[in-house]
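The next block holds one structure in the form of C-alpha cells; read it before the comments.
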Amino acid sequence: MSNYITIAIENLHVFIEEKFAEGFSYLLDITAIDYSEYIEAQEEEFAIVYIIRHKDFKQILVIKSYLAALEVQSITDIFSGADWLEREVYDQYGIKFKGHKNLRRVLNHCAFVGHPLRKSYPITKGQLSLCVDDLQDEMNNRLLGKSVVCKLEDGSFSDCSKDLMFLNLGPSHPASHGTIRTYLALDGETIEAAVIEIGYLHRGFEKSCENHTYNQIIPYTDRLNYCSAISNNIAFAKTVEDMLGVTLHPRGQAIRVLLLELSRIEDHLVCLAAILVDMGAMTNYWYMYNPRETIYELLSKLTGARLTNSYMRIGGMTNDLHEEFESDLNNALLKVKEGVDETLSLIKHNRIFHDRTQNIGIITPKDAINASLTGPNLRASGVAYDMRKDSPYYGYENYEFDVAVGSVGDVYDRIMVRFEEIKQSTSIINQVMKTMPEGEINVKDASIVLPNKEAVYTTIEGVMNQFKLTYEGVKVPAGEYYGSIEATNGELGFFIVSDGSGTPYKVKVKAPSFTAISAYADMIEGFQLADAVLTLGSLNIIAGEMDR
Amino acid sequence: MGLAEPGLPLDTAIVTKLEEAIGWARESSLWPMIFGTACCAIEFMSVAASKYDISRFGAEVVRFSPRQADLLIVAGTVTYKQGPILKQIYDQMSEPKWVISMGACASSGGFYDNYSTMQGIDKIIPVDLYVGGCPPRPEALLDALLTLQADVKTNKYNPDRHKDFKGLLDNV
C-alpha cells in the first residue's frame, strides 16, 4: 500500500519527524528528480523524493518536495541510513544537505566535475580519475568522535593518543569481494575507526536506463546483483507491469516465484561458499559451489545463459519451462541439499567456526532498522521482516514457509539465516511445482508483449507490433511509482518516473547492498581486523548492486 | 622438445635452445592475478571450481599480490575510478607478464557506454588477449589460457612488444 504525497519544502523535515513518530521509521530510499526535460513543466526544476516504510512493513510513504534552491535539511538526525543516501543524491544531482556532517561524493571519483544524473550532463562524457582520495579527513573526524585525536585551533588534528596504524583493506583485495576500500585505524589488531569508500563499480546503470527502452533495461538489471540475475529481472518487470496495470496469469506468477526462490538459493550458495573460504574453510567452497554449477546447467537450458539470464520481459518471460525442467530441477535441488548438508556437518559443531563468527560484527534490531538494513541481514538481527509474508505478491500467501530470524545479529546469525533460507526456498519450489497451473506465461496485450514469430512473418499486424515495440518500447503511462520485491539480499525496489514514452524518464534502484555497506563501518569498529573480513562477507555485498 | 615423452632413459642429455627451454618451463607455470570486479569474477570462480578446474592447465596458483603473478586476468568492468588502481597493479607486476581481458566490459566497456565506464582496459594498459562474452563461458577463458600458453611456449610474446604503448594514464 503506497501513499504519494507532495509537501512544501519548508515543512519537509518536520513532516518526516512527525511521520517517524507515527511509525514510519524504516527509510527505504532518497532520490531526486530533474524535471528539466519532462513533458510538462513542473513547479520547480528539481524535486527530492523520500521513500519511507511503516514499521508494520505494510504501508509505504513516498514524499516529494519541489526545490526552489538546491538545498535541503538533512534527515541524518532521524535516520542513520540517510547518511549515504543523501551523499548519493549530492553526488548525482548536486543537491546539498544542510546539517550533513560528511557531504562528499560516494559513487563518482573525487576529481569528477558535475553531477551525472542531471539531464544537462551528457551520458557519454567520461572523466579520467587521476587522484586517489586519502580519506584522512574523514578518518580524523571519526577518531575525533571517539576521542582518540583532538582538533587543534588551526583546524589540524593532534597526534593520536594511541599508537595507531593506518591500513587500507582494498580496493583490490581478495577479501573485499569485488572492489571496496576499507580504510582502517588499527590499535594492534583492534579496529579503532573505519572509513569505507565505494563506487569503484559505479557503471552508470541509472543514467543508462534513461536512454534505453524498458525491455532493453532487462539485461542491465541482470548485472545489478549478478549472483542472482533473475531476481533483478523480476523486480524490474514487476514494477513496470504494476505501472501498466497488468497482472500475469497464475502460471507466469508461479514460474516467477519458482525462479525467484531458485535465485535465492543460488545467491546464498555463493555468499556462504565465499565467506567460508575467507575463514579458511576451503573444502566447503567445493561443496557449496558445485551445486551452483548444476543450477547453471538448468538455467542454461531454460534461458540460454549461465549467469546473466535476461529471462524476464515486461509482461511475462521469453519462453515456457522446457520439457525436462522438472527432472533437471529435482536433480539441482538434490545437489543443493547434499552440498548444504555436507557443509553443515563440517561447521555446525566446529569450534573454530563458532569462535570466528559468534558475537562478531553485531548490529542490534533497532540500529539495523535505523540504518535501513534489509533481507537476511535484517532478519539475522531478529526483525522478522520479509515482504513475502508482510506484503505478499504472486501468491506467496498460498505457500507454506517460515521466515528465518536470528537472535544476536552477528556473523553467525547472518550465515545461519541464509542456510535456513535455502531450506525454506527449496520447500517453496517443491510446493510451486506441485501446484503449477496450466496457462499463459505472458499477458495477452499486443501493446506490451512481442507477437510470436509466426505472426511477425505472416501478418501485417504482427510486423507492425514487432516494429513498434522494438523501436519505441512499451508505452508506460506517465507517473511516478515505487515497486519492490523480496529479492535475495532483501527489499529490491525500483522508483520509476515515466513520461508516457517507451523509455523511462528516470529509474532509481533501492539497492539492499548499498544500505548494508553504509552500516558496515559501525559494525566492525571495536572488533579485530580478521573479523572485518567475515563481517563484510556475511553482509553479502554485491558490488554491481551497491555501486550500480 | 619431447621432454614429456615417456620411455626416455634417465641419463639422456638434451640439446636445445635456451629460449625454448625457458618457454617450455613458463608455459605450465603461469600464476594468475585476478583483478575481479564484477560478474566475470563470478564466472572465474567457476573456472577455478571443480567442474572446469583451471589447475588441469597449470594455472591454478591464483595470487592476489601482483608482485607474485605473471598473468593479469581483468575480469569485469573497469570504471574511470578504478583506472589508477588497475594501472598501479599492472605496473607492480614484474616482467615477463601477460594480460587477459575477460569479457565485454574489460575489452571495450561492453554495453556501458556512459560517463563512468572506461571503454576498455586497453585505454590504460596493454592487453595480450581479449575474451568476448558477457560474461564469457568458463570454456572461453580456458581457451584463452591455452592460446596464451601456446604462445608463451614459443616465445611469441617478446618482452618489447608493448614498448610503444601509451595509455591515458601514462605520463600525466
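The values are calculated or read from the model by the stated rules, or taken from the named source; none is laboratory data. It should be emphasised that the depicted structure is a prediction, and the values quoted were computed from it without experimental measurement. A quick note on method: Cβ atoms are made from the backbone with ideal geometry, for glycine too, and the neighbour counts reach across all protein chains shown. All accessible areas refer to the heavy atoms of the entire protein, side chains included, with ligands and DNA or RNA removed. Shrake-Rupley method; radii C 1.70, N 1.55, O 1.52, S 1.80 Å.
For the stretch A:49-105, take N as its residue count and report Rg(C-alpha) divided by 2.2 N^0.38 Å.
1.18
From the Cα trace of the stretch A:205-547, what convex hull volume per residue do you get, rounded to a whole Å³?
Residue-normalised Cα hull volume stands at 123 Å³.
Can you give the FRET efficiency to the nearest 0.05 for A:Ala478 and A:Trp286, using r as the Cβ-Cβ distance and R₀ = 41 Å?
Here the calculated transfer efficiency is 0.20.
Suppose accessible area is computed on protein heavy atoms with a 1.4 Å probe; arrange A:Ser74, B:Ser65, A:Ser345 from highest to lowest.
The residues order as A:Ser345, B:Ser65, A:Ser74, largest area first.
Given the convex hull over the Cα atoms of the stretch A:441-546, what projected area results after averaging over all orientations, in nm²?
Projected over every direction and averaged, the Cα hull of the stretch A:441-546 covers 9.5 nm².
Leaving out ligands, DNA and RNA but keeping every protein chain, what accessible area does B:Glu20 have, in Å² rounded to the nearest 10, with a 1.4 Å probe?
80 Å²
Once you wrap a convex hull around the alpha carbon atoms of the protein assembly as shown, what is its projected area averaged over all directions, in nm²?
36.1 nm²
Taking both sides together, what accessible area is buried at the A/B interface, probe 1.4 Å, expressed in Å² and rounded to the nearest 100?
3700 Å²
So how do A:Ser65, A:Ser25, A:Ser172 rank on accessible area, 1.4 Å probe, biggest first, that is with the largest at the start?
Ranked list, largest accessible area first: A:Ser172, A:Ser25, A:Ser65.
For the stretch B:18-88, go through all pairs of different Cα atoms, get the mean of 1/r, take its inverse, and jot down that Kirkwood value in Å.
13.3 Å
Before rounding to the nearest 500, sum -39500 (n - 2.57) across all DSSP H runs of length at least 4 in chain B and divide by the residue total; then give [θ] at 222 nm in deg cm²/dmol.
After summing the helix terms and dividing by residue count, I get -9000 deg cm²/dmol.
With every protein chain left in place and a probe of 1.4 Å, what is the accessible surface of A:His249, to the nearest 10 Å²?
70 Å²
In whole Hz, with x marking every Gly and Pro, tabulate ³J(HN,Hα) for the stretch A:392-407 from phi via Karplus 6.51 cos²θ - 1.76 cosθ + 1.60, θ = phi - 60°.
x, 9, 6, x, 4, 5, 8, 9, 9, 7, 9, 8, 7, 10, x, 10
If the convex hull of the alpha-carbon atoms of the stretch A:221-267 is projected onto planes in all directions, what is the mean projected area in square nanometres?
Taking a quarter of the hull surface, the average projection is 3.0 nm².
Any aspartates and glutamates with Cα under 13 Å of the A:Lys389 Cα? List them, leaving off those in the same chain fewer than 8 positions away.
Of all the aspartates and glutamates, those that pass the test against A:Lys389 - Cα under 13 Å, at least 8 places apart if same chain - are A:Asp56, A:Glu397, A:Glu400, A:Asp402, A:Glu486, A:Glu491.
How much of the pair distance distribution for the stretch A:2-98 lies past 17 Å, counting alpha-carbon pairs only, in percent?
Result for the distance tail: 47 percent.
With every protein chain in place, what's the accessible area of B:Lys153 (1.4 Å probe, Å², nearest 10)?
That residue has around 90 Å² of solvent-accessible surface.
Treating only the Cα positions of chain B as identical point scatterers, give the base-10 log of I(q)/I(0) from the Debye formula at each q in 0.09, 0.14 Å⁻¹.
-0.33, -0.74
For the stretch A:136-197, evaluate the Debye formula with one uniform point scatterer on each Cα (no solvent term) and list log10 I(q)/I(0) at q = 0.19, 0.22, 0.27, 0.29 Å⁻¹, rounded to two decimals.
-0.69, -0.86, -1.11, -1.20
Just the accessible area per residue of the protein assembly as shown, please: how many Å² with a 1.4 Å probe?
39 Å²
Quick one: of the DSSP bridges fully inside the protein assembly as shown, what percent are antiparallel, nearest 5?
Restricted to the protein assembly as shown, the bridges split so that about 70 percent are antiparallel.
At 222 nm, what value in deg cm²/dmol follows for chain A if DSSP H runs of at least 4 each add -39500 (n - 2.57) and the sum is divided by all its residues, to the nearest 500?
Dividing the helical sum by the residues of chain A leaves -13000 deg cm²/dmol.
May I ask you to list the aspartates and glutamates whose Cα is less than 15 Å away from that of A:Lys146, ignoring any residue fewer than eight positions away on the same chain?
Leaving aside aspartates and glutamates fewer than 8 places away in the same chain, those within reach of A:Lys146 are A:Asp137, A:Glu138, A:Asp159, A:Asp163, A:Asp187, A:Glu192, A:Asp522, A:Glu525.
Take A:Lys444, B:Lys166, A:Lys506, A:Lys453 and sort them by solvent-accessible surface of the protein heavy atoms, 1.4 Å probe, largest at the top.
A:Lys444, B:Lys166, A:Lys453, A:Lys506
Using a Cα-Cα cut-off of under 21 Å, which lysines could be cross-linked to B:Lys123, ignoring same-chain neighbours fewer than 8 residues away?
Hits, sequence-local ones excluded: A:Lys125, B:Lys81, B:Lys87, B:Lys97, B:Lys163, B:Lys166.
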